[in-house]
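Just below is one structure, and these are the notes that go with it.
The values are calculated or read from the model by the stated rules, or taken from the named source; none is laboratory data. Since we're looking at a predicted model, the values are computed, not measured. With ideal geometry, Cβ positions are generated from the backbone for all residues, glycine too; neighbour counts draw on all protein chains shown. Accessible surface areas use protein heavy atoms only, side chains included; no ligands, DNA or RNA. Shrake-Rupley method; radii C 1.70, N 1.55, O 1.52, S 1.80 Å.
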Amino acid sequence: MPELPEAEANRRRVTEHCLNRTIEAVRLGNDTTHVELPSASEREALVGRQFTETARHGKYIFAGSKTGPWIAVHLGMTGSLRPYTSGDAAPDFARITFEFEGDTRLAYRCPRKLGWVRPIDAPESFVAETGLGPDAMEIDRARFRAVIGATRGAVKSALMAQKKLAGLGNLWSDETLFRAGIAPDRTASGLDEGQLDSLYDEMRHVLGTLLDLNADYSKLPDDWLLRAREEGVDCPRCGGTITKTTVGGRSAYHCTEHQS
Ligand SMILES: [Zn+2]
């Protein structure tokens, strides 16, 4: 499931290919039942306008302009934003396509239909109305300590709660805990200041590394948990054993040896 780094990689593609071009048409793809997409009148309102800037908060991607309108995009489990040129084959599973002047197109590809595209007034008001916490790459150390350290539930659940901290999901919360040596089911409010600081540093390291690599997993180092997300395999850090558990209803992978 796309998290902050994957959302950012999608935002960068839109920025690179789709800004400052007049939108000439906004077309729905085949099979758009059960997908939240702009209505006919909302699509019409985008025609003749341009996206001049993009933004991202947590897992949400925004495109719009100073005077609006804006769209918010949630990638869901399998969604992506795919710029292409009209001479190329359109991506499969495109639920909505923006056609820009010239031959630039932007498809929202969403095979499993769990994401959405929604017209909004502006990113700031969307973030406030949705009640999202600070972006995981923007939050400062003191706020992180306060927010996570005040949570009585499991630390993995706290890291994934978008209203506390926006951007982490299943994969990168596990990776952060793996690096910090903290078990996913530890009670967040029971962590000491040193452990909270370590979590903060490792979260920034994990996300920062992925942002530098534009979320290309093939370039990740071999000692990441991602390389060993399988029950019973050897821990790439300590020779312990990777185990799969359920924390807060989500699957969690961790090392029984160096995480406690
Ligand atoms: Zn280990």
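Annotations for the structure displayed:
- Whether the range 141-226 is rounded, prolate or oblate, judged on the alpha carbon gyration tensor where a/c under 1.5 counts as rounded: prolate
- Computed [θ] at 222 nm, helices only, for the chain once each DSSP H run of length n ≥ 4 contributes -39500 (n - 2.57): -9000 deg cm²/dmol
- Largest-first ordering by accessible area, 1.4 Å probe, given options MET1, MET137: MET1, MET137
- Dimensions (Å) - the range 192-255, Cα atoms, principal axes, largest first: 34, 30, 26
- For the range 24-77, the relative contact order works out to 24 percent when only alpha carbon pairs closer than 8 Å and six or more residues apart are counted.
- In the range 8-110, chymotrypsin sites (Phe, Trp or Tyr not before Pro) in a DSSP loop with at most 10 other beta-carbon atoms within 10 Å: none
- Ordered by solvent-accessible area of protein heavy atoms (1.4 Å probe), largest first, the residues LYS156, LYS59, LYS66 come out as LYS66, LYS59, LYS156.
- Solvent-accessible heavy-atom area per residue, rounded to whole Å², over the range 4-130 at 1.4 Å: 46 Å²
- Within the listed set HIS34, HIS74, HIS205, the Gaussian network model of the chain (springs between alpha-carbon atoms below 10 Å) gives the highest mean-square fluctuation for HIS34.
- Seen from LEU220, the other residues with C-beta closer than 10 Å to its C-beta sum to a net charge of -2, counting Lys and Arg as +1 and Asp and Glu as -1.
- Selection from TRP70, TYR217, ASN10 lying farthest towards where the dipole of the chain points positive, charges on Cβ: TRP70
- Alpha-carbon centroids, the range 107-145 and the range 241-260: separation in whole Å: 27 Å
- On the principal axes of its alpha-carbon atoms, the chain has extents of 57, 35, 32 Å, going from largest to smallest.
- For the range 32-120, the carbon plus sulfur part of the accessible surface works out to 49%, probe radius 1.4 Å.
- Relative contact order of the range 141-226: 33 percent, from C-alpha pairs under 8 Å at least 6 residues apart in sequence.
- Of all the options PRO221, PRO111, PRO134, the one that moves most in a Gaussian network model of the chain with Cα springs shorter than 10 angstrom is PRO221.
- The Cβ shell under 10 Å around TRP116 holds other residues with a net charge of +2, Lys and Arg each +1, Asp and Glu each -1.
- In nm, spacing of pseudo-spin labels at ASP88 and ALA40 (7 Å Cα→C-beta vector): 3.2 nm
- Lysine pairs meeting the criterion (Cα under 14 Å, 8 or more apart or interchain), as found in the chain: 4
- Part-to-part distance (alpha-carbon centres) for the range 41-60 and the range 159-207, which is given in Å: 32 Å
- When Rg and the Kirkwood radius Rh are both evaluated on Cα atoms of the range 4-130, their ratio Rg/Rh stands at 0.92.
- Springs between Cα atoms under 10 Å define the GNM used for the chain, and in it the highest mean-square fluctuation of ALA161, ALA142, ALA25 occurs at ALA142.
- Relative contact order of the chain: 17 percent, from C-alpha pairs under 8 Å at least 6 residues apart in sequence.
- With all protein chains modelled, accessible area of ARG229 [1.4 Å, Å²]: 60 Å²
- Label reach from LEU211 (point 7 Å along Cα→C-beta): in the range 123-143, amide nitrogens under 17 Å belong to 133-143.
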